[in-house]
Amino acid sequence: VLSIRGIQEEDPPDAQLMRLDNMLLAEGVSGPEKRGRGGPMAVAATSGGCPNDNSIEHSDYRAKLSQIRQIYHSELEKYEQACSEFTTHVMNLLREQSRTRPISPKEIERMVNIIHGKFSTIQMQLKQSTCEAVMILRSRFLDARRKRRNFSKQATEVLNEYFYSHLSNPYPSEEAKEELAKKGGITVSQVSNWFGNKRIRYKKNMGKFQEEANIYAAKTAVDATNVVAQGNQANSPSTPNSDGFLTPCHTSDRKI
DNA sequence: TAGGATGATTAAGT
DNA sequence: ACTTAATCATCCTA
């Protein structure tokens, strides 16, 4: 029955296994059962994180993570138990056979090694799928896109004001970004994101933003200068444009 | 509830 | 490091 001659070693020696182990350890899946501490959680690592609503979302995340951890541990235990059971079973068989033919200790050792190898590949698969589950969980909960909130009225107001009053070159410097961030109650990264989105979307469909452009142009014109009290109200509904950063005409925006 | 608006992420270029 | 362009995932309104 036990004519095992397979010397089939796994192709990647242990590099893969090491990586999986490291990751499981880093995520707190394997290793000691830590309660309450969220040690290696690389949260808020990316840009524009919202420092406010941590911990509420996180408790959910941690709950799922500990669920994964439980499954992982119970499966692991199951495998180890099965492994040792199978080993003793084989040992018994060998002992029985040793009555009819001589069996060297070397052979026994080899057999045990083979069994352990088999079971460790199964464990490898378990670790693999556990890692996958953790990755999915991470992307599900820790991806900032999942909990996007619109900016406050104040923030969009400030951002649009700057954008439309610098339409010929809507690229705020670092200091300008910090200023805008402070005024709007958002982070500098969020300011950068906003301008990136705004520029591309404005360029892509300028017509859609004309109304908005007029509103903010009027707003800044009013509060910036009261020099000319022109009774010349309104109209000129279309053609407010051609001052864009995408048109070659440039550096001519000095309002007199 | 469909579809546009919007903030965040990613890939690729500079 | 920063931008563009595309895309994702959610919010919001008709």
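The values are calculated or read from the model by the stated rules, or taken from the named source; none is laboratory data. This structure is a prediction, so every number in the text was calculated from the model and none was measured. Heads up, the Cβs are rebuilt from the backbone with ideal geometry, glycines too, and the neighbour counts pull from every protein chain shown. We work out accessible area using only protein heavy atoms, side chains counted, and drop any ligands, DNA or RNA first. Shrake-Rupley method; radii C 1.70, N 1.55, O 1.52, S 1.80 Å.
Remarks
- Residues of the stretch A:196-210 classified as within 14 Å of DNA strand C (Cβ to nearest atom) and in a helix (DSSP H, G or I), total: 10
- Residues of the stretch A:192-244 classified as at pLDDT below 95, among the hydroxyl-bearing types (Ser, Thr, Tyr) and within 42 Å of the chain's Cα centre (by Cα), total: 3
- Count of the stretch A:157-169 residues which are within 13 Å of residue A:213 (Cα to Cα), in contact (Cβ under 8 Å) with a residue 12 or more places away in the chain, of a type outside the set (Ser, Thr, Tyr) and within 13 Å of DNA strand C (Cβ to nearest atom): 2
- Inter-residue pairs, beta-carbon under 8 Å, first part of a helix (DSSP H, G or I) and in the stretch A:174-188, second more than 15 Å from DNA strand B (Cβ to nearest atom), 6+ apart: A:188/A:174; A:188/A:178
- Flag if residue A:161 is within 11 Å of DNA strand B (Cβ to nearest atom) and more than 29 Å from the chain's Cα centre (by Cα): no
- Residue that is aliphatic (A, V, I, L, M) and open to solvent by 60 Å² or more (accessible area, probe 1.4 Å), where the choices are A:111, A:135: A:135
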